[in-house]
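What follows is a single structure, written as structure tokens, with notes after it.
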Amino acid sequence: MLSWSSTKAGGPADLGAIVDGSGDGGLPHGAELVAFAEAIAGWDDDQLDRARARLAAVAGEAFMVDAAAVAANFEMMTRVADGTGARFPAEASTFRADLDQQLGIGGFTSNH
């Protein structure tokens with residue numbers, strides 16, 4: 001989804017840089033977005049407070065709220081899919097495997 005939306009907005013995101021946290025991924029406010037996403041996924045409330053404040057400071061509060069809503073929606077979609085037993089379509093498995101390898105995230109996906 002990010003690769004599609006960033007391409008529509010003018011250029012593809014560097015997903016590798018986003019995954020390893022080495023830069024902004026070619027996105028406006030990308031470094032702050034990555035820090036915010038990592039903080040959302042973590043357990044450190046102080047880190048989340050700092051990341052939230054930094055993103056709001058550079059991009060505006062409305063942007064930060066939208067980013068939080070996107071993160072929450074992805075969490076919700078994952079839980080719904082897991083709860084219903086939905087699985088990634090078999091016909092897309094080659095693309096998914098290639099992307100998993102490129103990003104080094106193979107351990108995060110389920111083959112069930």
Candidate set: the stretch 16-34, residues that are farther than 23 Å from ASP100 by Cβ and touching a helix residue (DSSP H, G or I) at 6+ places or on another chain (Cβ under 6 Å); chosen: the one modelled with the lowest pLDDT: HIS29
Looking only at the stretch 72-85, decide whether some residue is surrounded by 14 or more Cβ atoms within 10 Å (Cβ to Cβ) and out of contact with any Ser or Thr (no Cβ under 9 Å at 6 or more places or on another chain). no
Scanning the stretch 40-52 residue by residue, those modelled with pLDDT of 95 or more and in a helix (DSSP H, G or I) turn out to be ASP45, ASP46, GLN47, LEU48, ASP49, ARG50, ALA51, ARG52
What's the number of the only condition in (1) within 15 Å of the chain's Cα centre (by Cα); (2) exposed (fewer than 12 other Cβ atoms within 10 Å of the Cβ); (3) modelled with pLDDT of 90 or more that ALA62 fails to meet? (1)
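The values are calculated or read from the model by the stated rules, or taken from the named source; none is laboratory data. Small disclaimer: the values here were computed from a predicted structure and weren't measured. Virtual Cβ from ideal backbone geometry, glycine too; neighbours counted across all protein chains shown.
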